[in-house]
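The structure that follows is given in the form of structure tokens.
Bear in mind that the values in this text are calculations on the coordinates, not laboratory data. Bear in mind the structure is a predicted one, so any value in this text is a computation, not a measurement. Note that we place each Cβ from the backbone using ideal geometry, even for glycine, and neighbour counts take in every protein chain shown.
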Amino acid sequence: MDDKKYWIGFNLIKGIGAVRMQGLIAYFGDLESAWNANAAELMEAGLGAKLAEKVLGAKKQIDLNQVWSKIEAQGIHILTWADEDYPARLKEIDQPPPVLYIRGEYLMDDLFAVAIVGTRKVTPYGRQVTEEIAAFLAANGITVVSGLARGVDAIAHQTALKAGGRTIAILGSGVDKIYPPEHRGLAEQMIQRGAVMSDYAVGTPPDASNFPPRNRIISGLSLAVVVIEAAETSGALITAEFAAEQGREIFAVPGSILAPQSKGTNRLIQKGAQPLLTPADLMQALDLTRMDKQKTARKILPSDETEALVLNVLGSEPLHVDDIRNQTTLPIEQVSAALVMMELKGMVRQVGGMNYVAVREERPDYTV
């Protein structure tokens, strides 16, 4: 057992979210030290008096070793900000979840993911469209992300599995509390070819207030969000809002102006979402036609000393091209040329403003 138990400990305390977790790590250096701190030290780290006392009270009630053993016994995998295999795309969003609980496996290939969301009261038209889009994405090696809800979500997951693809569900409960209960069998299938994930602690029930916040993870893991059918008050529209904030592409399937299930999607199009007329539109808009080449190339080691030097200074935090030049001491022209080739190979990704992050399964000290 490593220091992940302390991440879990703080995750169990209501009021300790991403911002406060960052503050604790910045002040103490690690969460083990924060867990063992007294009230005065916690307040110095930025917690209010009530929250500091809440942490001390939780420490008396929570047996971290017992909690960790329970998690291990259920085959639940934990990822934190500190892990190299924490989803790189999710780490880019504002206040990414500090802890992810996973049943199944998140793979590097899941970087190529598209979210499909929509109404629980799906129409025959919505079902057909969902099946066509999910099957198309799965057949092209793109992971389908959704929320395991009734209707569009479940159809998207089921279709991706039938097509032999990968699919990931983000829950509004602990990963041991599958909701709705009739989707437990579907969740078990997904664990074999994808994952069931949550940032809520093990044992958390599916409370209604949990679902809107989890939608930021659905969009955060994805290159784009596709809204199939959504009424004007649909939770799928919340996912679209998060997608817009995160700079993700938003697609909406147009529908009848008379159908309640299409009022939300038609409104999205009116506000600027891309109308999705065929599944192939996704491939073109997101340039996913290069995906197979990138997946293959990502497994290749740096081809020369320049690529090795550049890759060694890059991590999951964005780094500007000027900083890369300074840290590698290479000419800017050489660095820029290398970055172009490395991005084509899928080894690095530009995240805006000439800032780059590494994209790889491992981060050893590369030598050529």
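If the only charges are +1 at each Lys and Arg Cβ and -1 at each Asp and Glu Cβ, what is the size of the charge dipole of the chain around the Cα centre, to the nearest 20 debye? Mind showing how you got there, number by number?
On the way: 37 positive and 44 negative charges, 269 e Å.
Value, rounded to 20: 1300 debye.
While we're looking at this one, here's another question. Please give the direction-averaged projected area of the C-alpha convex hull for the chain, in square nanometres with one decimal.
Numbers: hull surface 77.4 nm².
It is 19.4 nm².
Could you tell me the center-to-center distance, by alpha carbons, between region 116-178 and region 196-270 in angstrom?
So the two Cα centres are separated by 13 Å.
Also: Calculate the spin-label point distance for residue 30 paired with residue 232, positioning each point 7 Å from the Cα along the beta-carbon direction, and give it in nanometres.
About 5.5 nm, to one decimal.
Also, I was wondering about something else. What does the convex hull of the Cα atoms of region 299-358 come to per residue, in Å³, rounded to a whole number? Intermediate values should be presented prior to the final figure.
Numbers: hull volume 4.3 nm³, N = 60.
Looking at region 299-358, the number lands at 71 Å³ per residue.
Could you tell me which of the pairs 4/59; 14/263; 14/60; 4/162; 70/162 are separated by over 26 angstrom between their Cα atoms in the structure shown? Don't skip to the end; give the middle numbers.
Details: 4/59 15 Å; 14/263 36 Å; 14/60 15 Å; 4/162 35 Å; 70/162 32 Å.
Where the Cα-Cα span goes over 26 Å, the pairs concerned are 14/263; 4/162; 70/162.
Sticking with this one: Identify the residues of region 138-152 with backbone N under 17 Å of a label point that sits 7 angstrom from the Cα of residue 208 along the Cα-to-Cβ direction, or state none.
Once the point is set 7 Å along Cα→Cβ of residue 208, 150 turn out to lie under 17 Å by backbone N, inside region 138-152.
Explain nothing, just the number: relative contact order of the chain, from Cα pairs under 8 Å at least 6 residues apart, as a whole percent. Don't skip to the answer; put the middle values down first.
Values: 660 pairs, mean separation 46.1, N = 368.
Value for the chain: 13 percent.
Additional query: Over the residues of region 104-289, compute the C-alpha Rg and express it relative to 2.2 N^0.38 Å. Could the numbers behind the result be given before it?
Values: Rg = 14.8 Å, N = 186, 2.2 N^0.38 = 16.0 Å.
Compactness ratio reported: 0.92.
Something else now. So what is the calculated 222 nm ellipticity per residue for the chain, using -39500 (n - 2.57) for each DSSP H run with n of 4 or more, over all residues, to the nearest 500 deg cm²/dmol?
Values: 18 runs with 170 residues, N = 368.
Per the formula, -13500 deg cm²/dmol.
By count of other Cβ within 10 Å, fewest leading, how are 24, 319, 258 ordered?
Details: 24 25, 319 20, 258 7.
By the 10 Å Cβ count, ascending: 258, 319, 24.
I'd like the distance separating the alpha-carbon centroids of region 92-107 and region 342-357, in whole Å.
21
Also, quick follow-up: Using a simple charge model, +1 on the beta-carbon of Lys and Arg, -1 on the beta-carbon of Asp and Glu, nothing else, what dipole does region 299-358 show about its Cα centre, in debye to the nearest 20? Spell out each step's value before the answer.
Working: 4 positive and 8 negative charges, 44 e Å.
Around 200 debye, computed over region 299-358.
Percentage of Cα-Cα pair distances in region 1-73 greater than 18 Å, rounded to whole percent? Intermediate results must be reported in sequence, preceding the final value.
Working: 818 of 2628 pairs.
Pairs farther apart than 18 Å: 31 percent.
So, one more: As I understand it, the dipole of region 299-358 uses +1 on the Cβ of Lys and Arg and -1 on the Cβ of Asp and Glu, about the Cα centre. Which of 327, 357, 346 lies farthest toward its positive end?
The listed residue farthest towards the positive side: 346.
Once you wrap a convex hull around the alpha carbon atoms of region 61-104, what is its projected area averaged over all directions, in nm²? Walk me through the numbers before you get to the answer.
Numbers: hull surface 15.9 nm².
Averaged projected hull area, Cα only: 4.0 nm².
Test of understanding: ordering 130, 233, 159, 80 by Cβ neighbours within 10 Å, fewest first, what list do you get? Don't jump to the answer; show the numbers that get you there.
On the way: 130 28, 233 9, 159 23, 80 19.
Listed from fewest to most nearby Cβ atoms, that is 233, 80, 159, 130.
Would you work out the relative contact order for region 104-289, in percent, from Cα pairs under 8 angstrom that are 6 or more residues apart? Present the calculation step by step, with values, prior to reporting the outcome.
Numbers: 410 pairs, mean separation 40.4, N = 186.
The normalised contact order for region 104-289 reaches 22 percent.
Roughly speaking, what is the centre-to-centre gap between region 1-49 and region 310-339 when only Cα atoms are used, to the nearest Å?
For region 1-49 versus region 310-339, the Cα centre distance is 33 Å.
Please report the antiparallel percentage of the DSSP beta bridges confined to the chain, to the nearest 5. Walk me through the intermediate numbers first.
Values: 13 of 33 bridges.
Counting DSSP beta bridges with both partners in the chain, the antiparallel share is about 40 percent.
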